[in-house]
Amino acid sequence: MKILLATTNEGKLRELKSILEDLGVELLSLRDMDRLFEVEEDKETFLENAIKKATFYANFYKLPVIAEDAGLEVDQLNGYPGVYSARFYSIDFGGKLENQNLSKDQKNNIKLLKLLEGEQNRKARYKTVVTYYDPTSGLGFWTEGVCEGTIAEKPEGTGGFGYDPIFIPQGYDMTMAQLPPEEKNKISHRGKAVRKLKDLLKCVLKGEKGEP
Ligand code: IMP
């Protein structure tokens, strides 16, 4: 059996593969496909975006697909950037960024730190919704994962991706980007959601093999 992991984000792919590799199925990524399409994440919730991606890629490539949508919710910003996490830097939220030679992730982090300058309430959480859809059987399900934390005063660490250099998980005194990958997988929103999805998938695979 083959399952397509519907992402081109190397950071996410590494995290998904390390959790799902012992499932006994061949894990493909969008980079293994002949024709690459980008599905616009234009919905208002992580769930809607994840379902949109899973169904589009599954119907197009005729393969079972795992897709996910994630982001960072900051209490002081009423839950923003949320579904806009990837392109937060480009949204006019007061104050444009001049440093154009930086990566999107760096621009997002600088913008968020600017908006929280001098703020005491730095509570935030990563959220993700992971969806599975098999176009042959029509079977689909989704799981959710949350990782609570706070936003640091300045970036630290080189691991992970996205907001990891400025996100301090609850119970830790270092950023997500300073944690070894195995530790991030243990506590991260994605790790939690993908492990729940893996349990459901195990039941599906057992059923396909005719096991009780
Ligand atoms: P996507 O739309 O699911 O690809 O993710 C949106 C954005 O959320 C990413 O580009 C990152 O900026 C951020 N994000 C999602 N998951 C993580 C994570 O585990 N660490 C850091 N940033 C993340």
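Data overview
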| read-out | value |
| --- | --- |
| DSSP bridge pairs, the chain: antiparallel proportion in percent, nearest 5 | 80 percent |
| Gaussian network model of the chain, springs between alpha carbon atoms under 10 Å - residue of Lys123, Lys154, Lys53 with greatest fluctuation | Lys154 |
| For the chain, calculated [θ]222 nm from helices alone, where every DSSP H run of n ≥ 4 adds -39500 (n - 2.57) | -10000 deg cm²/dmol |
| Surface per residue (accessible, 1.4 Å probe) for segment 28-146, Å² | 55 Å² |
| Segment 58-71 - phi-based ³J(HN,Hα) in whole Hz, Karplus 6.51/-1.76/1.60, Gly and Pro as x | 5, 5, 6, 8, 6, 9, x, 10, 10, 10, 8, 9, 9, x |
| 0 to 90° range, to nearest 10: angle between helix 104-115 axis and the chain longest Cα axis | 50 degrees |
| At 1.306 mPa s and 10 °C, Stokes D of the chain from Kirkwood alpha-carbon radius, µm² per second | 88 µm²/s |
| Restraint check, Lys12/Lys104; Lys12/Lys209; Lys17/Lys186, Cα-Cα greater than 18 Å | Lys12/Lys209 |
| The chain: most fluctuating residue of Gly160, Gly140, Gly82 per GNM, C-alpha cutoff 10 Å | Gly140 |
| Apportionment of accessible area to carbon and sulfur, the chain, percent (1.4 Å) | 49 percent |
| Globularity index of segment 82-179, i.e. its alpha-carbon radius of gyration over 2.2 N^0.38 Å | 1.28 |
| Most mobile listed residue (Glu26, Glu41, Glu68) in the chain, GNM with C-alpha springs under 10 Å | Glu26 |
| Within segment 113-137, backbone nitrogen closer than 17 Å to the virtual label 7 Å beyond the Cα of Glu40 toward Cβ | none |
| Rg to Rh quotient for segment 137-212, alpha carbon positions, Kirkwood Rh | 1.17 |
| Segment Asp32-Ile91, extension gain: residue separation times 0.36 nm, minus the distance between their alpha carbons | 18.0 nm |
| Normalised contact order of the chain, rounded percent, pairs of Cα under 8 Å and 6 or more residues apart | 19 percent |
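The values are calculated or read from the model by the stated rules, or taken from the named source; none is laboratory data. Remember, it's a predicted structure, so these values are computed and weren't measured experimentally. Cβ coordinates were reconstructed from backbone atoms using ideal geometry, including for glycine residues, and neighbour counts include every protein chain displayed. For accessibility, only protein heavy atoms count, side chains too; no ligands or nucleic acids. Shrake-Rupley method; radii C 1.70, N 1.55, O 1.52, S 1.80 Å.
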